[in-house]
1. Specify which of the listed residues (A:Ile95, A:Ile84, A:Ile140) is at pLDDT 95 or above and more than 26 Å from A:Val213 (Cα to Cα).
2. Of everything in segment B:44-61 that's without any contact (Cβ under 8 Å) to a residue 40 or more places away in the chain and in contact with a strand residue (DSSP E or B) (Cβ under 8 Å, 6 or more places away or on another chain), which residue is farthest from the other protein chains (Cβ to nearest Cβ)?
3. Let me spell it out: the conditions are (1) part of a loop (DSSP other than H, G, I, E, B); (2) away from chain A (no Cβ under 14 Å), and B:Val7 meets all of them except one. Which number is the exception?
4. Got a number for residues in segment B:104-116 being of a type outside the set (A, V, I, L, M) and away from chain A (no Cβ under 14 Å)?
5. If I go through segment A:1-44 residue by residue, how many of them are at pLDDT 95 or above, over 22 Å from the mean Cα position of the chain (by Cα) and among the polar types (S, T, N, Q)?
6. Based on what the data block shows, is B:Gly24 under 23 Å from B:Gly127 (Cβ atoms) and surrounded by fewer than 13 Cβ atoms within 10 Å (Cβ to Cβ)?
7. Say whether the condition of being within 17 Å of the chain's Cα centre (by Cα), part of a loop (DSSP other than H, G, I, E, B) and at pLDDT 95 or above is met by at least one residue in segment B:109-116.
8. Restricting attention to segment B:52-93, report how many residues are over 18 Å from the mean Cα position of the chain (by Cα) and at negative phi.
2 protein chains.
Amino acid sequence: MTPSPFVLGLQHEARTSTLPINVGIHEPAEGGKKVRNTLIWINEHGTITSRYQKLHLFDIDISGGPVMKESNSVEAGRDIVPPIDTQFGKMGMMICFDLRFPEISLRLRRQGAQMLVYPSAFTVPTGRAHWETLLRGRAIENQAFVIAAAQCGRHNGKRVSYGDSIVIGPWGEVMGRLERVEDADAEPEGGREPQLLVVDLELGLVEEARRKVPLLRRTDVYPEI
Amino acid sequence: MTPSPFVLGLQHEARTSTLPINVGIHEPAEGGKKVRNTLIWINEHGTITSRYQKLHLFDIDISGGPVMKESNSVEAGRDIVPPIDTQFGKMGMMICFDLRFPEISLRLRRQGAQMLVYPSAFTVPTGRAHWETLLRGRAIENQAFVIAAAQCGRHNGKRVSYGDSIVIGPWGEVMGRLERVEDADAEPEGGREPQLLVVDLELGLVEEARRKVPLLRRTDVYPEI
């Protein structure tokens, strides 16, 4: 696969700034008809060291609201990628609609994840109704940090993303967040200015939450995930 | 097992009022050393038609807050009880700490539950931090009503329950709720007055949520629960 100028540019920036970058991209699937919705980890030396291909595709039909069928153009992934070692801790990678399925984060938690990432582009109605609650729920039930970068604003005449990038602690508390769209219809053309959120993560809080409330699973009654 | 005056009284009331009752009780376990934490369904004729024994026991240790070890005195259940048919719809039964484990509600959802019940006695700190978020999360991810009756107020010198009985719709919206304890230390002796919450459930909303956002699980990648 030929690396895109976008990804090459990010690799260069990662190297130059000695900072890792976690970014979602679309790349061609085999056969050339569909694309993959992929999350890549570029390490601080500019090397792509991990890639996760989105498992759950986003096919929704909201009356009077958005209708989307991601599976028309996107090839679904076939694997959960075990948590990757970063200089910040063990990170489990998921994408957007994966958030609705507890199974994938439970697997990553069992495999040692201390942080769960969900880069996303939620719609405005589902963002308003579900976004914060599901993210905080995943943080609480997995006793892990949740880091969810979110596209915000109007993409084109039809599509608007909710935004509300958010970082949540392992006790469920919101540690920081960015802008969100309250009214999709009133959202002007041209998108929004990028924003940056900087949060310090203390991994000790993960251990503390897990010590306070031990979650002993009953895998004698239901399967281990 | 000899029925208790408490349960016999409820059976009488159910029969007299032609109303079913769903209530949590403690009953002796075999061997006589421990008890069972059981949720029973008394139908509108006063007959106990179903019982669920709590699967996940509540052992927590919060520094400067509650320390409890339910497993010292309670025998854990061994089964998930398939959803029961009620005149209101198909109901999945869980109890309190079960709320922290997505697996049990996912199983009940797969077996057809339209309503999930979680009668509970959360502590005040975990209630404040986790209660509403986890309940709304379970409603959203299972696209089901969540009905959570909750003990509220001081039981004794040491123990205070959070309250906040709540009914949530399958899109995650709070449909009704009762009193909660904001400050455990300031909570007086003697408990609180009982309160009653009446909510109309439209089962059509369950089907609507499931139609709008189909949740196709990837049981080729993780186990079916």
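The values are calculated or read from the model by the stated rules, or taken from the named source; none is laboratory data. On a predicted model such as this, the values are computed, not experimentally measured, just so you know. So basically every Cβ, Gly included, is an ideal-geometry build from the backbone, and we count neighbours across all protein chains shown.
1. Working: A:Ile84 fails: more than 26 Å from A:Val213 (Cα to Cα); A:Ile140 fails: more than 26 Å from A:Val213 (Cα to Cα).
Every option except A:Ile95 fails the conditions.
2. Our first condition is that a residue be without any contact (Cβ under 8 Å) to a residue 40 or more places away in the chain; within segment B:44-61, this holds for B:45-47, B:49, B:51, B:53, B:58-59, B:61.
Narrowing further to those that are in contact with a strand residue (DSSP E or B) (Cβ under 8 Å, 6 or more places away or on another chain): B:49, B:51, B:53, B:58-59, B:61.
Values: B:Thr49: 22, B:Arg51: 16, B:Gln53: 11, B:Phe58: 9, B:Asp59: 6, B:Asp61: 6 Å.
Once the filter is applied, the top-ranked residue is B:Thr49.
3. Condition (1) is where B:Val7 drops out.
4. Filtering segment B:104-116 for residues of a type outside the set (A, V, I, L, M) gives B:105, B:107, B:109-112, B:114.
From what's left, away from chain A (no Cβ under 14 Å): B:112, B:114.
Total meeting the criteria: 2.
5. Residues in segment A:1-44 being at pLDDT 95 or above, over 22 Å from the mean Cα position of the chain (by Cα) and among the polar types (S, T, N, Q): 3 in total.
6. Numbers: under 23 Å from B:Gly127 (Cβ atoms): yes; surrounded by fewer than 13 Cβ atoms within 10 Å (Cβ to Cβ): no.
Here the answer is no, as B:Gly24 does not meet what is asked.
7. Taking segment B:109-116 as the starting set, the residues that turn out to be within 17 Å of the chain's Cα centre (by Cα) are B:109, B:113-116.
Checking which are part of a loop (DSSP other than H, G, I, E, B) leaves us with B:113-114.
If we keep only those that are at pLDDT 95 or above as well, we get B:113-114.
Looking for residues that are within 17 Å of the chain's Cα centre (by Cα), part of a loop (DSSP other than H, G, I, E, B) and at pLDDT 95 or above, one finds at least one in segment B:109-116, hence yes.
8. Taking segment B:52-93 as the starting set, the residues that turn out to be over 18 Å from the mean Cα position of the chain (by Cα) are B:60-69, B:71-73, B:87.
If we keep only those that are at negative phi as well, we get B:60-63, B:65-69, B:71-73, B:87.
The total comes to 13.
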